[in-house]
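Take a look at the structure below.
Every number here is computed from the coordinates shown, using simple stated rules; none is lab data. Computed from a prediction, not measured in an experiment: that's the story for all the values here. Here the Cβ is made from the backbone with ideal geometry for all residues, glycine too, and neighbour counts use every protein chain on show.
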Amino acid sequence: MQRKILFNVNGNDEIINRRMIKGNVTNLFNLNNVKYQWANKLYRLMMENFWIPEKVSLFDDKRAYNELTPAEQNAYDGILSFLVFLDSIQTNNLPNISDYITAPEVNLILAIQTYQEAVHSQSYAYIIESIIPAEKRAFIYDRWREDKVLLERNKYIAEIYQDFIDERNDKNFARVLIANFLLEGVYFYNGFNFFYNLAARSLMIGTADEIKYINRDELTHCVIFANIIKEIRKEHSTFFSDDEIHEMFARAVEQEITWSNHIIGDNVMGITSETIEKYTKYIANKRLRDIGMPPLFEGYDVNPYQHLEKISDTNGEGNVKGNFFEANVSSYNQSTAVEGWDEI
């Protein structure tokens, strides 16, 4: 693939000529003339959903952390370690993707996503600094050096991203887009569920509140990449290999189940190896449907954690505006903002 020209004097910005990739635009942001209206809607939603990690109080969580069982503390620490990796690699890699997207309105929301991923990294630093004992903090960042299961998780996604950096061709870019969608749509959610499970038991409520904001952002990121993939499938019918997509999903699900059993398993009340498998395959099937593909895992159509849906609502009182189990997001925010945007 050829990286787009920064300012393309020979570009044609007419909507009829607009393409998600391999287009020929000037790269000027004429946001009154967009082809992908879903991107315009997402831009407004993402701008409204501004939040600051330090606004969430973690004061009570420091005490509650000491009340966790050793298994719960291990899961808490290990999941934080994995989340640190996920948002770190996203912050670094999203500009590599944007360099090849030739729809300015989509480049704009990818820039906001990059900013949000950086905020998530700051959130994890805030959680670690506020709650984790000083002698354990470095281990959370470096856990992958000693935990082989975590290292394999990290390496799989990182190597796909690196392959495209090293050899920028269509096949590697297609894999990057699917890997990104898997990261945003599958890899976070057993970890998020762990924190919501604790909150349902009145433990680590501040952490769960922090995760709700991250969760809300990640859902919008799922919607971004589901739409990017669908648009490319319409415009370039042979760009993706359906077999490879299913193969990548199968590998990601296998790793997610292995990791979740390794770090949580049957050691945390309310979560079992059976529910981990059911939920991971359920959400993978949903993500496949989101990009117009048939599900991979027959019979996994029920979410085993439906009872936790209210926990994912920042506003509380059952008014779920950002449901992490479904890619259907409207806005809830931490500060005053324009209201009334339609749901995605």
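Against the list (1) free of Cβ contacts under 8 Å to residues at least 60 places away in the same chain; (2) more than 17 Å from the chain's Cα centre (by Cα); (3) not in a loop (DSSP other than H, G, I, E, B), the condition Asn197 fails is (1). For Thr238, the conditions (1) over 30 Å from Ile21 (Cα atoms); (2) over 18 Å from the mean Cα position of the chain (by Cα); (3) surrounded by fewer than 18 Cβ atoms within 10 Å (Cβ to Cβ) all hold with the exception of (1).
Taken over the range 232-251, residues that are of a type outside the set (S, T, N, Q) and without any contact (Cβ under 8 Å) to a residue 12 or more places away in the chain amount to 3. Taken over the range 236-269, the criterion of being in a helix (DSSP H, G or I), in contact with a Leu (Cβ under 9 Å, 6 or more places away or on another chain) and of a type in the set (A, V, I, L, M, F, W, C) is satisfied by Ile245, Met248, Phe249, Ala250, Ala252, Val253, Trp259, Ile263. Residues that are small (Gly, Ala, Ser) and touching an Asp or Glu at 6+ places or on another chain (Cβ under 8 Å) number at least 1 in the following helices (runs of 4 or more DSSP H) confined to the range 1-110: 37-48, 70-98. The residues of the range 168-189 that are within 16 Å of the chain's Cα centre (by Cα) and assigned to a loop (DSSP other than H, G, I, E, B) amount to a single one, Phe188.
Candidates are the residues of the range 278-313 that are polar (S, T, N, Q) and assigned to a helix (DSSP H, G or I); the one that is nearest to Phe192 (Cα to Cα) is Ser312.
Here the range 123-167 is the region considered, the condition is being among the charged types (D, E, K, R) and not in a helix (DSSP H, G or I), and the residue that is farthest from Asn261 (Cα to Cα) is Glu167. Note on the range 16-67: residues that are more than 27 Å from the chain's Cα centre (by Cα), surrounded by 12 or more Cβ atoms within 10 Å (Cβ to Cβ) and among the β-branched types (Val, Ile, Thr) amount to 2. Quick one: in the range 247-273, of everything that is of a type outside the set (Asp, Glu) and buried (at least 21 other Cβ atoms within 10 Å of the Cβ), which residue is nearest to Tyr300 (Cα to Cα)? Looking at the filtered set, the residue picked out is Val253. Residues that are touching a Leu at 6+ places or on another chain (Cβ under 9 Å) and aliphatic (A, V, I, L, M) within the range 178-210 comprise Leu183, Leu198, Ala199, Ala200, Leu203, Met204, Ile205, Ala208, listed in sequence order.
Considering only the range 134-155, I want to know if a residue exists there that is surrounded by fewer than 16 Cβ atoms within 10 Å (Cβ to Cβ) and under 30 Å from Glu231 (Cα atoms). Looking for residues that are surrounded by fewer than 16 Cβ atoms within 10 Å (Cβ to Cβ) and under 30 Å from Glu231 (Cα atoms), one finds at least one in the range 134-155, hence yes.
Checking Glu105, Glu54, Glu72, Glu48 one by one, the residue that is within 27 Å of Arg153 (Cβ to Cβ) and in contact (Cβ under 8 Å) with a residue 12 or more places away in the chain is Glu72 and no other.
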